[in-house]
1. Against the definition (within 12 Å of chain C (Cβ to nearest Cβ), free of Cβ contacts under 8 Å to residues at least 40 places away in the same chain and more than 33 Å from the chain's Cα centre (by Cα)), how does residue B:76 come out, yes or no?
2. Just one of (1) within 14 Å of chain A (Cβ to nearest Cβ); (2) closer than 26 Å to residue B:73 by Cα; (3) part of a loop (DSSP other than H, G, I, E, B) trips up residue D:118, so point out which.
3. Among (1) in a strand (DSSP E or B); (2) more than 18 Å from the chain's Cα centre (by Cα), there is one condition residue D:138 misses while meeting the rest; what is its number?
4. Does the range B:56-63 include one or more residues that are free of Cβ contacts under 8 Å to residues at least 60 places away in the same chain, outside any loop (DSSP other than H, G, I, E, B) and surrounded by fewer than 23 Cβ atoms within 10 Å (Cβ to Cβ)?
5. Only one residue in C:111, C:58 is closer than 24 Å to residue A:74 by Cβ and at pLDDT below 95. Which one?
6. For the range B:238-249, which residues satisfy the criterion of being in contact (Cβ under 8 Å) with a residue 60 or more places away in the chain and within 10 Å of chain A (Cβ to nearest Cβ)?
7. For residue D:189, are the conditions met, namely being assigned by TED's automatic domain parsing to the domain that holds residue D:267, buried (at least 17 other Cβ atoms within 10 Å of the Cβ) and free of Cβ contacts under 8 Å to residues at least 24 places away in the same chain?
8. Just the residues that are touching a strand residue (DSSP E or B) at 6+ places or on another chain (Cβ under 8 Å), surrounded by fewer than 21 Cβ atoms within 10 Å (Cβ to Cβ) and within 14 Å of chain C (Cβ to nearest Cβ), please, taken from the range D:128-166.
């Protein structure tokens, strides 16, 4: 097995760094994203947040409760010039469109930048938590592998680094340090149509990790469970690209995006804004990323 | 009491409208926000999401649980080349920095655009829910009432419409339809220093409602519990500005923002991005708004 | 359709009563239960409380979180002569072995004793809640319909009032006012073996309601989803025996019991203890009933 | 510091035992409890389960949500001959009247019977969990230290082993192996009257541990936060009696009982029934113990 120790970005942004490749997003990256705005339409990229899924197998569906509602007043509660509704959600942070904290994953007991997994206990993550992440405002580069003639147009397969390079070249864009890579696999749409389940999804082959890092991407996102193809064929590693790209290179993952409207737009670059909730000690956050075209 | 029926925006954006004054945010507003970007620095405007507050009295604090963590592996769970952490939050949607859905408030049994409060039951809001809201990308205009010599520099008082007009004029900006009004009261900072509690907070006097609507604002936000001063002095109405401005004019409210960094920036206009989570049937969403300066 | 107004116990224990047929459990009933104790062995009658079910379709599975555990200490937390674990459950009150409050069910807007269903709002039940119920200590009478040659030995069918009477006679017991009727349908065991699902279960035919009330039972319980056979064949009533027996006669229902050990015991009478949690405003409670043989 | 290794019951009920001193409750103990029944009145011993406390400082208050209620029907939902209410609780298992699992406490990394605290991870307790506990039906012996002239009649102090012995002698009862010791400190009542807080409570001095074990008690319970006096004066041990009595001797603790009605009864012996919910992997359970007088 290849020695990954030399192929990583640990220390690149300082021994104490907790934000990984998000450090690539400087004001130049933000302005490059802004410069990509043409018409000015904003597209939300999240799936509806409900108990209907999809959701990875080991998690419970979100739940939503009303602590005050219109029925209360109908049943006799008096307004005092003012009536209101209030609610509560119970949500696995990875249970809908979400972004992973760098504390989400480790290997050999070490996460991004060599921090020990012992930094994550029942009291939350004290290093590399979602609270450290900060806002993401940069250029997004969109590659659609589920479009006509795409490798995932009809089925859930792995996308090779060659296919990745080819799709990238077709955009005629030049990726720069701090960009975000957004990938459509078609899995979400197949799931909605009953043609796919949470047990198998199209996604990037783990061999894509080096390419993504070398192109300078800060973040990679997809319309599937794990960005990388799944389930992993490796008995010795259930999520090899999470290890190679997130844990080793510090590139951040976003999952379960809805990219259907983006696919229809025929655009490949845009302003991408993602704002994780600063959950103290959290290892992920639900998000509703915005693509401004 | 003034007849509010004539002073409202019901029907202005269609009988079926559920988004209220957010309809003012068109591509021109988005581009105006983008044009306000100078250096390109992104500021997150949310408070840390934890059980430590602040939170309005009738709500329970957020809770955070780990369903998998590093301690599990330390205690004997085997990695398969990959170890991970996972978590769950229990969160009142208004229990941290948040945006209200238009279904949050009503009076005389009617919410924004005349929808009946019966549209909100234990199964959630079927009209004017947070799911209908969509992304917000526009120009923000920031007024600081807690700065040196500001009316709220040291105490929690109501901000009058005259003080609002004066602070606005000082920015030398021209508000346009679709802008967002962001107001610093200083309450959050006083709360952090133990000088204020959730039982009294500086905020806008309800008389500011007309001014805010006439200036064309789509949204109003503050670093306090309710944007408007509280608690309400009116026995007959616990939240008069929520009724006058949100329910009647459809202007959206955001609360519990952290505006300290914005105050230090000395900027008054910037690109504001807010992305509510599309909670199906929800009446609010936690958010982490971004100000790009 | 028969006029149920005259066939009910409303007012029987007072206009203000909220406990229904549980009023039949007087000290004589308690002592009769105690007198039934022979060897003194205690059997718990609850299924394991976990996320693995079974659970009725519209409810979410229970969840269990650790807020402190041994892994924390393994990962570095220091004991101070003392280490501890702590946990939290999220539980639909009817999501495991449970007892229904009389506020759980109504028809034509009225629940037990004519109370309006408007007594139950997002703030809980103000009448007939589980908090009003109190402890249950009485004699249990056990009828096994899933034993050899029983009508439900192999399949999920409705148990008729004739079959009920026959099984009762075979016990040679005399039911008295305040006794509890415990019925084994075999559905739980079939569910465990993958031979049954939550979409169809053996249970009592709703025609059994009068017989149960006339025999003076305070409570009826079963090892299935709803005591009565389900799903209901009546388009006009999803739970006819809940209406006829709980709502009209005030007899309390317990569901999802594990009666396998009781079946093996070959006993038909015993001391039954059930202790609902006094959830303020609750409409049900998880319970672990005890049969002392 | 005394060597506790020799003063413990580890191995007494087998190397694999997970139930500790509850093993003392045999059919003789159950029958002795039954024999204590006189009039046959049943008293529930739980406090109301709500968000109003009391609760130990590090825990969140219980929460209660309605997922269906009468207001829904009032607001337009149609009955189909049948309307219902349903609810969910979020509950720290120790957040109301509760029983501790033996997995709740350890010292030097070992819990009851020498099991490693590593048996408790985010997935719950795999040894000594509440699921292993089983039903408790035995004789209760009640000692009231908050009655007239009692050491805790007016204040929150520690109850010495001499005071314990004296109160015991006054009952003229002979404790036998398997009995349950129930102690009233008066703290709950003072808390209700605003005269006490969760920061200080009357309770047993840890020196009582040996006496309790020697008398053969299986369980000890009180109307306070921790049975033992608190907070602990020992810098080196936050809960010395939990360690000496639960962890070393395997005696089970129940906390936050309401013993006011029992105090008024003037009874000292009765049938005690406690039925923990079999929460898989749980380290405690809410309970509503019953005293049958």
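1. Numbers: within 12 Å of chain C (Cβ to nearest Cβ): yes; free of Cβ contacts under 8 Å to residues at least 40 places away in the same chain: yes; more than 33 Å from the chain's Cα centre (by Cα): yes.
When the stated conditions are applied, residue B:76 passes them.
2. Against the list (1) within 14 Å of chain A (Cβ to nearest Cβ); (2) closer than 26 Å to residue B:73 by Cα; (3) part of a loop (DSSP other than H, G, I, E, B), residue D:118 comes up short only on (3).
3. Unmet condition: (2).
4. Yes - at least one qualifying residue is present in the range B:56-63.
5. None of the others qualify; the one that does is C:58.
6. Once the filter is applied, which keeps residues that are in contact (Cβ under 8 Å) with a residue 60 or more places away in the chain and within 10 Å of chain A (Cβ to nearest Cβ), the range B:238-249 yields B:239, B:242, B:243, B:247.
7. No.
8. Of everything in the range D:128-166, just one residue is touching a strand residue (DSSP E or B) at 6+ places or on another chain (Cβ under 8 Å), surrounded by fewer than 21 Cβ atoms within 10 Å (Cβ to Cβ) and within 14 Å of chain C (Cβ to nearest Cβ), namely D:134.
The values are calculated or read from the model by the stated rules, or taken from the named source; none is laboratory data. Remember, predicted model here, so these are calculated numbers, not experimental data. We place every Cβ from the backbone using ideal geometry, glycine too, and count neighbours over all the protein chains shown.
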